[in-house]
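The values are calculated or read from the model by the stated rules, or taken from the named source; none is laboratory data. It should be emphasised that the depicted structure is a prediction, and the values quoted were computed from it without experimental measurement. Cβ placement follows ideal geometry from the backbone for every residue including glycine, while neighbour counts extend to all protein chains displayed. Heads up: the accessible areas ignore ligands, DNA and RNA and are worked out on the full protein's heavy atoms, side chains in. Shrake-Rupley method; radii C 1.70, N 1.55, O 1.52, S 1.80 Å.
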Amino acid sequence: QPDLVTVFVGANDIVQGRSLSAFSSQLDTILRRLAESTNAEVAVATVFDLTRLPTFRRSPDRDVTPQRVATFNEEIRRATAAYGYTLIELFPFPVERNTVGDGFHQDDEGHRLLAAEVLPVVRELAR
């Protein structure tokens, strides 16, 4: 059994045009199953501001809008609170730098910066 579970969901759902209701249902299923199957501490992250990624600044996508990112993040916050889990707020994370050639995924430095954001939360939960 795990002691700690981190949940990072939503970015691909936004990019692929998934509806908020479908995302909400899937998120609830994930969090409910965790609640039913483990006593682990659970931390759930919000989605970065995808509109700041180089790929979407170069070529805007109708599914990747500030409104959709905000709406999905509100659902993540709501569901996280409903289950009493810990929220990792990644929306303000600076994604416009440190991406690999696809303009979407973080490079090594981006992952180091992301780890620096997540690590304090993980350390607190591990106490």
>> So Asn39 ticks every box in (1) free of Cβ contacts under 8 Å to residues at least 12 places away in the same chain; (2) within 20 Å of Asp3 (Cα to Cα); (3) out of contact with any helix residue (DSSP H, G or I) (no Cβ under 9 Å at 6 or more places or on another chain) but one. Which box is left unticked?
In response: (1)
> Being surrounded by fewer than 17 Cβ atoms within 10 Å (Cβ to Cβ), closer than 19 Å to Asp3 by Cα and without any contact (Cβ under 8 Å) to a residue 24 or more places away in the chain, is that true of even one residue in segment 95-108?
Replying inline: no
> Can you name every residue in segment 10-39 that is open to solvent by less than 40 Å² (accessible area, probe 1.4 Å), among the β-branched types (Val, Ile, Thr) and either in contact with a strand residue (DSSP E or B) (Cβ under 9 Å, 6 or more places away or on another chain) or in a strand (DSSP E or B) (or both)?
Replying inline: Thr38
> Within segment 64-86, can you find the residues that are of a type outside the set (Ser, Thr, Tyr) and open to solvent by 60 Å² or more (accessible area, probe 1.4 Å)?
Replying inline: Pro66, Gln67, Glu74, Arg77, Arg78, Ala81, Ala82, Gly84
> Which one of these does Val42 not meet: (1) under 28 Å from Gly103 (Cα atoms); (2) not in a helix (DSSP H, G or I)?
Replying inline: (1)
>> Exactly one of these conditions fails for Asp61: (1) modelled with pLDDT under 95; (2) open to solvent by 40 Å² or more (accessible area, probe 1.4 Å); (3) not in a helix (DSSP H, G or I). Give me its number.
In response: (1)
